[in-house]
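Enquirer: Okay, handing you the structure first.
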Amino acid sequence: MASNKLISILVLVVTLLLQGDNNYVVEAQLTTNFYSTSCPNLLSTVQTAVKSAVNSEARMGASILRLFFHDCFVNGCDGSILLDDTSSFTGEQNAAPNRNSARGFNVIDNIKSAVEKACPGVVSCADILAIAARDSVVVLGGPNWNVKVGRRDARTASQAAANSNIPAPTSSLSQLISSFSAVGLSTRDMVALSGAHTIGQSRCTNFRARIYNETNINAAFATTRQRTCPRASGSGDGNLAPLDVTTAASFDNNYFKNLMTQRGLLHSDQVLFNGGSTDSIVRGYSNNPSSFNSDFTAAMIKMGDISPLTGSSGEIRKVCGRTN
């Protein structure tokens with residue numbers, strides 16, 4: 001009896017030691033220093049590339065941040081959105097929320113190439129995207145935070161999940177709350193993360209119905225947007241307008257100030273301040289930029305924790321657009 005118990009303990013110890021040797025943890029956690037030894041120049045490599053890309057085109061910062069959102073909302077932050085379609089594989093890039101709008105893949109590919117030269121086979125594309133999203137916010141004047149890393153890359157993707165899980169620009173407030181709640185994010189997280197629309201642009205097809213049909217919109221703002229977004233569907237669908245009409249290339253709290261004057265570009269923007277349960281949060285962020293920055297960074301960290309692949313799950317892709 002005693003010998004059996006001793007054998008069981010020895011087996012457990014050996015198992016744990018083997019797991020330690022392979023960097024496998026039973027319940028692996030993301031950490032901010034995961035690559036401190038294995039790829040010490042990772043952060044500076046990503047930062048340099050992001051700065052260069054955003055300096056060349058300010059909109060790219062918003063595009064990279066959006067890629068991270070759309071990655072995390074589909075089966076967790078696993079780099080699945082980066083997988084290209086092939087003759088035998090259908091990924092997420094042509095799902096309705098991403099088709100003709102998701103961009104920045106080339107920037108992530110360039111960063112991955114640079115990282116592979118520095119430390120081959122070590123850093124996941126999922127982590128590169130998470131770090132690049134943070135750097136995009138910072139370079140546009142937004143807050144900084146320590147990105148938790150240690151994710152591995154998915155070997156598959158789901159167009160169906162992308163179509164159903166990513167909130168649409170036509171979403172109601174209750175739909176937004178529900179979509180974010182489904183991935184463990186609170187209503188306050190949702191409003192704070194919506195503040196990412198302080199940067200970037202949107203296509204006419206996403207806001208046409210709002211500027212022509214809705215009444216909770218500033219008349220002058222609607223008229224301005226109508227000049228480059230014709231009423232007829234199919235005409236000017238890809239024409240762009242800034243999500244934040246005040247400071248489109250700066251990460252600040254003007255997005256919330258715009259909502260209070262009914263100048264939210266998307267239906268899903270203006271529902272945050274329309275006599276509903278989130279009005280007070282919008283008002284708070286409008287008056288207190290440090291409160292917005294604090295809640296935004298906390299929500300970004302929380303979002304980055306959605307269902308990561310760790311330990312022996314997934315892989316470290318050599319190229320972000322395809323599995324090994």
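The values are calculated or read from the model by the stated rules, or taken from the named source; none is laboratory data. Keep in mind that this is a model prediction, so the values were computed, not measured. Every residue, glycine as well, gets a Cβ built from its backbone with ideal geometry; the counts of neighbours run over all protein chains shown. Surface areas here come from the heavy atoms of the whole protein model, side chains and all, with no ligands, DNA or RNA. Shrake-Rupley method; radii C 1.70, N 1.55, O 1.52, S 1.80 Å.
Enquirer: Taking the Cα centroid of segment 254-301 and of segment 56-111, what is the distance between the two, rounded to the nearest whole Å?
Expert: 25 Å
Enquirer: If you wrap a convex hull around the alpha carbons of segment 173-303, what volume per residue comes out, as a whole number of Å³?
Expert: Working: hull volume 13.7 nm³, N = 131.
Spelled out: Cα convex hull of segment 173-303, divided by residues, is 104 Å³.
Enquirer: Over 11 Å apart: what share of the alpha carbon pairs of segment 35-82 falls there, rounded to a whole percent?
Expert: Of all Cα-Cα pairs in segment 35-82, 71 percent lie more than 11 Å apart.
Enquirer: Still on this structure, please answer the following. Could you do me a favour and compute the accessible area per residue for the chain, 1.4 Å probe, result in Å²? Provide the component values of the computation, followed by the final result.
Expert: On the way: 14800 Å² over 324 residues.
Ligands and nucleic acids excluded, the figure is 46 Å² per residue.
Enquirer: Taking all pairs of distinct Cα atoms, average 1/r, flip it, and tell me the Kirkwood hydrodynamic radius of the chain in Å to one decimal place. Before the final figure, lay out each step's value.
Expert: Values: mean 1/r = 0.0480 Å⁻¹.
Every distinct Cα pair counted, the radius reaches 20.8 Å.
Enquirer: Let me ask something else. Starting at the first residue of segment 212-219, write each ³J(HN,Hα) from the Karplus equation 6.51 cos²θ - 1.76 cosθ + 1.60 with θ = phi - 60°, in whole Hz, x for Gly and Pro.
Expert: Couplings: 9, 10, 8, 9, 8, 9, 4, 4 Hz.
Enquirer: If you don't mind, another one. On the protein heavy atoms, probe 1.4 angstrom, tell me the percent of accessible surface of segment 41-166 carried by carbon and sulfur. Could you put the intermediate results ahead of the total?
Expert: Working: 2070 of 4720 Å².
Using a 1.4 Å probe with all protein chains present, segment 41-166 comes out at 44 percent carbon and sulfur.
Enquirer: Then there is this: Note the direction-averaged projected area, equal to a quarter of the hull surface, for the Cα convex hull of segment 41-166, in nm². Intermediate values should be presented prior to the final figure.
Expert: Numbers: hull surface 30.4 nm².
Spelled out: convex hull of the Cα atoms, projected over all directions, averaged, 7.6 nm².
Enquirer: While we're on this one: Report the calculated FRET efficiency for residue 32 and residue 307 (r = Cβ-Cβ distance, R0 = 25 Å), to the nearest 0.05.
Expert: For residue 32 and residue 307, the calculated efficiency is 0.85.
Enquirer: Pop the C-beta distance of residue 119 and residue 48 into the FRET formula with R0 = 25 Å and round what comes out to the nearest 0.05. Intermediate values should be presented prior to the final figure.
Expert: On the way: r = 15 Å, r/R0 = 0.61.
My answer for the efficiency is 0.95.
Enquirer: As a check on your grasp of the helix formula, calculate [θ] at 222 nm for the chain: sum -39500 (n - 2.57) over DSSP H runs of n ≥ 4, divide by the residue count, round to the nearest 500.
Expert: On the way: 14 runs with 156 residues, N = 324.
Result for the chain, helices only: -14500 deg cm²/dmol.
Enquirer: For the chain, modelled as a Gaussian network with Cα springs under 10 Å, which listed residue fluctuates most, 39, 77, 204?
Expert: Ranking 39, 77, 204 by mean-square fluctuation puts 39 first.
Enquirer: How large is the charge dipole for the chain, taken about the Cα centre, if only the Cβ atoms of Lys, Arg (+1) and Asp, Glu (-1) carry charge, to the nearest 20 debye? Don't skip to the answer; put the middle values down first.
Expert: Working: 27 positive and 23 negative charges, 103 e Å.
The calculation lands at about 500 debye.
Enquirer: Given all pairs of different Cα atoms, what value in angstroms does the Kirkwood hydrodynamic radius of segment 224-286 take? Could you put the intermediate results ahead of the total?
Expert: On the way: mean 1/r = 0.0783 Å⁻¹.
Mean inverse Cα-Cα distance, inverted, gives 12.8 Å.
Enquirer: Reachable lysines from residue 117, Cα under 17 Å, same-chain residues fewer than 8 places away excluded?
Expert: Leaving aside lysines fewer than 8 places away in the same chain, those within reach of residue 117 are 318.
Enquirer: Report in % the part of the accessible area of segment 204-290 that belongs to carbon and sulfur, leaving out ligands and nucleic acids; probe 1.4 Å.
Expert: Numbers: 1810 of 3820 Å².
For segment 204-290, the apolar C and S fraction of the accessible surface comes to 48 percent.
Enquirer: Which aspartates and glutamates does residue 51 reach when only Cα atoms under 12 Å apart count, and residues fewer than 8 places away in its own chain are ignored?
Expert: Cross-link targets: 135.
Enquirer: At a threshold of 8 angstrom on Cα-Cα distance, excluding pairs fewer than six apart, so keeping six or more, what relative contact order does segment 173-303 reach in percent? Walk me through the numbers before you get to the answer.
Expert: Details: 182 pairs, mean separation 40.3, N = 131.
Reported relative contact order: 31 percent.
Enquirer: Cross-link partners among lysines for residue 302, C-alpha distance below 20 Å, same-chain residues fewer than 8 apart left out?
Expert: 148
Enquirer: Is the shape of segment 96-145 rounded, prolate or oblate, going by the alpha carbon gyration tensor and its root eigenvalues a ≥ b ≥ c, with a/c under 1.5 for rounded and a/b larger than b/c for prolate? Don't skip to the answer; put the middle values down first.
Expert: Numbers: a/c = 2.24, a/b = 1.18, b/c = 1.90.
Oblate, since a/c reaches 1.5 and b/c is not below a/b.
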